Amino acid sequence: MHLFKDKFGRNMRLTEERLQHIITDHSELLKPIGKIEETLMFPSIVIKSEDDPYVWLYYRPYKVFTRQKSFLLVIVKISNGEGFAITAFYVKNLQKGEVVWKA
């Protein structure tokens, strides 16, 4: 298990099972542990999911796709003041939802 802190000082967990999911299903994300930690600690924007208020979306810009701005999205479930990383992958657009924090 990997433990991190997020922008708000909360403890965040990334299990080996979730890490393997990210490595297997989102292979474009090289060296995911460091990028996930960086995104949780230094996001450009954090959005609360419209579908589930306990799911927060942490975004940080990365240049991955040629000539297009893209973001690393780390999806976290918040429970009892702590977070559990569900998945992480690159996206081109931000999802709709309540903005919790913006740089």
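No value in this document is a laboratory result; all are computed from the given coordinates. Quick caveat: nothing in here was measured; it's all calculated off a predicted structure. Note: ideal-geometry Cβ built from the backbone for every residue, glycine included; neighbour counts use all protein chains shown.
Below, the figures for the structure above:
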| item | result |
| --- | --- |
| Calculated Rg and Dmax of the Cα atoms in Å (choose from (1) 13.2, 37; (2) 12.7, 40; (3) 13.7, 41), label | (2) |
| When each of LYS31/LYS77; LYS7/LYS35; LYS7/LYS96 is checked by Cα-Cα distance, pairs over 18 Å | LYS31/LYS77; LYS7/LYS96 |
| Residues THR15, THR87, THR24, sorted so that the one with the fewest Cβ neighbours within 10 Å comes first | THR24, THR15, THR87 |
| Most positive-pole-ward Cα, THR87, PRO43, PRO32, against dipole of segment 2-96 from beta carbon charges | PRO43 |
| Within the chain, trypsin sites (Lys or Arg not before Pro) in DSSP loop having at most 12 other beta-carbon neighbours inside 10 Å | LYS63, ARG67, LYS69, LYS92, LYS96 |
| Within the chain, longest stretch clear of exposed GluC sites (Glu not before Pro) (DSSP loop, no more than 13 other Cβ within 10 Å) | 51-103 |
| Segment 44-103: chymotrypsin sites (Phe, Trp or Tyr not before Pro) falling in loop per DSSP and having at most 13 other Cβ within 10 Å | TYR54, PHE65 |
| Dipole magnitude (debye, nearest 20) for segment 2-96, charges at Cβ of Lys, Arg, Asp, Glu | 460 |
